[in-house]
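For reference, the structure discussed in these notes is given below.
The values are calculated or read from the model by the stated rules, or taken from the named source; none is laboratory data. Because the structure is a prediction, the values reported are computed rather than measured. All Cβ positions, even for glycine, are placed from backbone atoms using ideal geometry, and neighbour counts span all protein chains on display. For the accessible areas, the whole protein counts, side chains as well, though only heavy atoms, and no ligand, DNA or RNA atoms are used. Shrake-Rupley method; radii C 1.70, N 1.55, O 1.52, S 1.80 Å.
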Amino acid sequence: MKYLRTNIHEIETAAELQKIINENENVMVCCGRMGPMCIPVYEIMEELEEERPEVKFYSMAFDSPESSVIRNAPECRGFMGLPFTMYYKNGKVAKATTSIQNMKQITSNLDQFLS
């Protein structure tokens, strides 16, 4: 069941997330809601999807029980604001961020951790 109204493919299960990060070198997942801190991140990801074919962009609903794999990740310990954004490189977490991000912050993380 889709929770998010974005053009980014929504991951619905923890197993699907694991399969995606195992099969793709560079993955960015935004785990959030349709709120004011999350929507700008989804919009930036939609824009970057065409510009950065080497990165796979996905969303995951924060309120889905399946997203506990992100919510409870050690890299997210202490995070308070949505969304939780995970950058995966070769199947491992390369970077995790919390709260709203702008284009410059996201592209900087992509350049630094997924290139």
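Give just the number: which of (1) of a type in the set (Gly, Ala, Ser); (2) in contact with a strand residue (DSSP E or B) (Cβ under 9 Å, 6 or more places away or on another chain); (3) surrounded by fewer than 16 Cβ atoms within 10 Å (Cβ to Cβ) does SER108 not satisfy?
Result: SER108 passes all but (2).
Restricting attention to region 43-90, and to residues there that are in contact with an Asp or Glu (Cβ under 9 Å, 6 or more places away or on another chain) and open to solvent by 20 Å² or more (accessible area, probe 1.4 Å), which single residue is nearest to CYS30 (Cα to Cα)?
Taking the candidates together, the pick is TYR58.
List the pairs whose first member sits in region 4-21 and is touching a residue at least 12 places away in the same chain (Cβ under 8 Å), whose second member is polar (S, T, N, Q) and in a helix (DSSP H, G or I), and whose Cβ atoms are under 8 Å apart, counting only residues at least 6 apart or on separate chains?
Final answer for the pair search is ALA14/SER67; ALA14/SER68.
Quickly run through region 1-18 and pick out the residues that are more than 13 Å from GLU66 (Cβ to Cβ) and outside any loop (DSSP other than H, G, I, E, B).
Correct list: HIS9 only.
Answer with yes or no whether PRO40 is more than 20 Å from ARG71 (Cβ to Cβ) and of a type outside the set (Phe, Trp, Tyr).
Taking the combined requirement at face value, the residue satisfies it.
Taking region 91-105, which residues are touching a residue at least 24 places away in the same chain (Cβ under 8 Å), within 13 Å of the chain's Cα centre (by Cα) and open to solvent by less than 50 Å² (accessible area, probe 1.4 Å)?
Across region 91-105, the qualifying residues are SER99, GLN101.
Hey, does region 48-60 have a residue that's within 13 Å of the chain's Cα centre (by Cα) and assigned to a loop (DSSP other than H, G, I, E, B)?
yes
Report yes if some residue within region 31-39 is open to solvent by 70 Å² or more (accessible area, probe 1.4 Å), touching a residue at least 12 places away in the same chain (Cβ under 8 Å), under 17 Å from LEU4 (Cα atoms) and in a helix (DSSP H, G or I); otherwise report no.
No, region 31-39 contains no residue that is open to solvent by 70 Å² or more (accessible area, probe 1.4 Å), touching a residue at least 12 places away in the same chain (Cβ under 8 Å), under 17 Å from LEU4 (Cα atoms) and in a helix (DSSP H, G or I).
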